[in-house]
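Below: one structure, written as C-alpha cells.
The values are calculated or read from the model by the stated rules, or taken from the named source; none is laboratory data. It should be emphasised that the depicted structure is a prediction, and the values quoted were computed from it without experimental measurement. Using ideal geometry, Cβ is built from the backbone for each residue, glycine included, and neighbour counts are taken over all protein chains shown.
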Amino acid sequence: MQGLIATGLAQLGLTGRVPDNASTLLARYGHALLEQNQVMNLTAITQPQDVATLHMLDCAPLLDCGLPSGGSLIDVGTGAGFPGMVLKLLVPSLSVTLLDSLQKRLDWLAGLADDWGLSGLRVYHGRAEEAGQSPTLREQFDCATARAVADLRLLSELCLPLVKVGGRFLAMKGMDCQAELDAARPAIAALGGAVAQIRDYSIPHTAITHRVIVVDKLQPTPAPYPRRWAKLRKHPL
C-alpha cells in the first residue's frame, strides 16, 4: 500500500509539498481502516491496493484546490475520515474537524488521533443541518469538504453555512455531475457562494477521473439556512 501511495503522490505532483513520511502515514491509516472494518462497517473497499487508490489518492488532489495551510477545515459527513483525515495527514498544520452523525465512527477516528499523537484534529457528533445553525460552528471554517453522494443543492445548503466569508467549499463529485452542477448554481448563490473552479483529476494507478467543485464563499449565508433536513430534502433550493 505504501509504495502505491508514494508513487501516486509523486504522479499528482505532491512530493515535496507533503511530509516526507506522508505515504507511511496514509498506509498506516489504510491498514487501520481495513482492520477496524472487520468489526465495524466503515468501507465497502476491502483490498489494500483499492484503499490506497480509491480512498487515499482520491482525496489527495484536494491539496490543489486552495486548502489553507494552517487554516481550519470541517469535513461534513466524514464517515471513515474521507477526505478529512487524509488531508490532516498530508497537511499537519491544518486544523480539522470531522463531522458525522454516527458516534462509533467518530470514536474510532478520535482513537487513531490519540494513538498517533495528532494535534489539531477534533470530532463533532451531530447532523450537518444542526451544526450549520450552531453559533460555535456557523461560518467558523476556512474550508468545508464533502465526499457525500447527496445532490449538490443539498450539500451546498449543509456545507456553505459552516464556511467563513472568503473561505471555500470543496465538493467531491463524479464526472457525470454537470446537470447537477447547473441545477445547483442558483442555490449556491442564494447561500452566499459562487462556483470558482471545476477541477478534474485522474486517480493514479486507475483509469478513473473525478471532479472537485470549488465554491467560494462571497457573503454571509442568510439566517434561515440550513433548514431542517425534512424540509431541505423535500424542497431543495
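Structural remarks
- Given (1) over 21 Å from residue 209 (Cα atoms); (2) hydroxyl-bearing (Ser, Thr, Tyr); (3) exposed (fewer than 15 other Cβ atoms within 10 Å of the Cβ); (4) free of Cβ contacts under 8 Å to residues at least 24 places away in the same chain, index of the condition residue 23 fails: (3)
- No other residue among 158, 109 is more than 26 Å from residue 193 (Cα to Cα) and either assigned to a helix (DSSP H, G or I) or modelled with pLDDT under 95 (or both) apart from 109.
- Against the test of being closer than 22 Å to residue 171 by Cα and at pLDDT 95 or above, the options 75, 64 yield a single qualifying residue, 75.
- Given (1) touching a helix residue (DSSP H, G or I) at 6+ places or on another chain (Cβ under 7 Å); (2) crowded, with 17+ Cβ neighbours inside 10 Å; (3) modelled with pLDDT of 95 or more, number of the condition residue 206 does not satisfy: (2)
- Any hit, segment 100-110, residues being among the small types (Gly, Ala, Ser), buried (at least 23 other Cβ atoms within 10 Å of the Cβ) and in contact with a strand residue (DSSP E or B) (Cβ under 8 Å, 6 or more places away or on another chain): no
- Here residue 43 meets each of (1) closer than 23 Å to residue 211 by Cβ; (2) hydroxyl-bearing (Ser, Thr, Tyr); (3) surrounded by fewer than 21 Cβ atoms within 10 Å (Cβ to Cβ); (4) in contact with an Asp or Glu (Cβ under 7 Å, 6 or more places away or on another chain) with one exception, condition (4).
- Criterion applied to 215, 195 was being in a strand (DSSP E or B), over 30 Å from residue 31 (Cα atoms), in contact with a Phe, Trp or Tyr (Cβ under 6 Å, 6 or more places away or on another chain) and in contact (Cβ under 8 Å) with a residue 12 or more places away in the chain, and the one residue passing it is 215.
- Hits in segment 46-62 (condition: of a type in the set (A, V, I, L, M) and either surrounded by 21 or more Cβ atoms within 10 Å (Cβ to Cβ) or in contact with a Gly (Cβ under 7 Å, 6 or more places away or on another chain) (or both)): 51, 52, 56, 57, 60, 62
- Flag if residue 148 is among the hydrophobic types (A, V, I, L, M, F, W, C), more than 21 Å from residue 62 (Cβ to Cβ) and either part of a loop (DSSP other than H, G, I, E, B) or without any contact (Cβ under 8 Å) to a residue 24 or more places away in the chain (or both): no
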